[in-house]
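The values are calculated or read from the model by the stated rules, or taken from the named source; none is laboratory data. These numbers were taken from a predicted model, which means no experiment stands behind them. Quick reminder, even Gly has a Cβ in these numbers, built from the backbone with ideal geometry, and neighbours come from all protein chains shown. These area figures cover heavy atoms from the full protein model, side chains too; ligands, DNA and RNA do not enter into them. Shrake-Rupley method; radii C 1.70, N 1.55, O 1.52, S 1.80 Å.
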Amino acid sequence: MKWSICTTGMKDRSLSDILKLVRAWRGAGVPVQGLELWVGHLRPFADAGVRALEDLAAALRDEGLQVPVISGYTYFSRSPRDRDVDLADVRRFSEWAAALGAPALRTFFGHLPSRAASPELWDESLEALCAARDLARQEGVDLLVETHYQTFADSLDSLRNLLDSVPGDLGLIFDAANFHPDHIDPLQVLRGVYPAVRHVHCKNYHWNHQAWYQSMPVSAFDPSGDVDNDRVLREITARGYQGFVSLEYFGQRGWSALLRSLEEARARSA
């Protein structure tokens with residue numbers, strides 16, 4: 001198991017500034033081995049051409065940092081026109097991932113809770129998702145669906161339906177915290193879908209079920225938090241998981257929780 005930082009939570013910082021932070025954290029003994037890169041952080045390099053992405057890849061290798069996942073925002077469900085945009089984005093983001101040597105691209109599946117998806121919308125979105133997976137594979141990149149509330153990948157039943165419906169292999173990004181808003185036991189889901197798990201997100205909250213966006217982030221292993229990440233990581237370790245676990249926090253309220261989580265990761269890796 002290896003630790004990475006998800007840069008989607010640092011949209012207000014440049015990639016250069018994030019790398020400075022990572023150097024400082026690693027200098028203090030924090031075991032950051034990878035960066036899960038938000039596509040917005042890569043866009044300036046992509047706009048400058050493939051060579052700029054290749055130079056970035058070389059610089060990250062020199063830093064000893066891997067890129068396990070490129071994190072995009074695609075859904076395949078909003079409208080036929082939006083599906084076309086999503087497919088074009090997947091093609092472009094997969095090219096970026098290939099230039100960086102990143103093995104995977106993150107997507108969401110659906111912009112509504114699974115219970116609100118009509119059979120027709122599910123089928124149309126699934127067809128687009130399969131087409132997107134094929135586009136990514138043409139670049140040697142896996143398309144991974146993140147488990148997330150208010151998407152079609154929000155419960156054990158919906159995930160089983162998804163995995164059973166896609167021909168061949170489909171990978172998942174497992175995020176235990178994203179099941180808590182719907183009062184779902186993440187360990188039950190994990191045990192049901194583990195063979196498809198390719199990447200893991202790690203965060204923790206005091207969740208406000210009456211006002212979701214007033215929920216307060218706490219560090220990943222804070223015992224007062226709603227997510228028992230110790231149990232999650234013990235489960236995946238026992239099952240032989242050797243991939244990355246990305247710490248993922250957003251905004252100013254999440255910053256102190258991220259810093260504390262880095263300290264906790266260092267203690268667990270000592």
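Here is how the numbers come out for the structure above:
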item: Complete set of residues in the stretch 137-196 that are among the polar types (S, T, N, Q) and outside any loop (DSSP other than H, G, I, E, B); result: Q138, S158, N161, S165, N178, Q188
item: Subset of the stretch 244-270 (residues that are of a type in the set (D, E) and touching a residue at least 60 places away in the same chain (Cβ under 8 Å)); result: E248, E263
item: Test set (1) without any contact (Cβ under 8 Å) to a residue 60 or more places away in the chain; (2) on the phi < 0 side of the Ramachandran plot; (3) in contact with a Leu (Cβ under 7 Å, 6 or more places away or on another chain); (4) surrounded by 20 or more Cβ atoms within 10 Å (Cβ to Cβ) - R106 fails condition number; result: (1)
item: Residues of the stretch 229-240 satisfying the condition of being under 19 Å from K2 (Cβ atoms) and open to solvent by 20 Å² or more (accessible area, probe 1.4 Å); result: D230, R234, E235, T237, A238, R239, G240
item: Candidates Q150, Q66 - the one that is surrounded by 15 or more Cβ atoms within 10 Å (Cβ to Cβ), out of contact with any Ser or Thr (no Cβ under 6 Å at 6 or more places or on another chain), at positive phi and not β-branched (V, I, T); result: Q150
item: Given (1) closer than 21 Å to V145 by Cα; (2) assigned to a helix (DSSP H, G or I); (3) open to solvent by less than 20 Å² (accessible area, probe 1.4 Å), number of the condition L53 does not satisfy; result: (1)
item: Residues (under 30 Å from G240 (Cα atoms), of a type outside the set (A, V, I, L, M) and open to solvent by 10 Å² or more (accessible area, probe 1.4 Å)) located in the stretch 1-49; result: K2, W3, G9, R23, W25, R26, G27, G29, P31, Q33, W38
item: Qualifying residue in the stretch 211-228 (condition: β-branched (V, I, T) and open to solvent by 70 Å² or more (accessible area, probe 1.4 Å)); result: no
item: Residue pairs meeting the criteria (Cβ under 7 Å; at least 6 apart or on separate chains; first closer than 17 Å to V67 by Cα and touching a residue at least 40 places away in the same chain (Cβ under 8 Å), in the stretch 198-211; second in a loop (DSSP other than H, G, I, E, B) and open to solvent by less than 10 Å² (accessible area, probe 1.4 Å)); result: H199/V69; H201/E248; C202/A220; C202/E248
item: Residue in the stretch 197-207 that is over 15 Å from G9 (Cα atoms) and in a loop (DSSP other than H, G, I, E, B) present; result: yes
item: Whichever residue in the stretch 187-206 is crowded, with 19+ Cβ neighbours inside 10 Å and over 16 Å from the mean Cα position of the chain (by Cα) and, among such residues, is modelled with the highest pLDDT; result: V189
item: Considering residues of the stretch 113-145 that are touching a strand residue (DSSP E or B) at 6+ places or on another chain (Cβ under 6 Å) and among the charged types (D, E, K, R) only, the residue least open to solvent (accessible area, probe 1.4 Å); result: R133
item: Selected residue (only one of R43, R61 is more than 19 Å from the chain's Cα centre (by Cα) and of a type in the set (K, R)); result: R61
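Residue-wise test of (1) touching a strand residue (DSSP E or B) at 6+ places or on another chain (Cβ under 9 Å); (2) in contact (Cβ under 8 Å) with a residue 60 or more places away in the chain; (3) within 29 Å of R239 (Cα to Cα).
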site	(1), (2), (3)
S4	yes, yes, yes
T7	yes, yes, yes
M10	yes, no, no
K20	no, no, no
P31	yes, yes, yes
D47	no, no, no
D55	no, no, no
A58	no, no, no
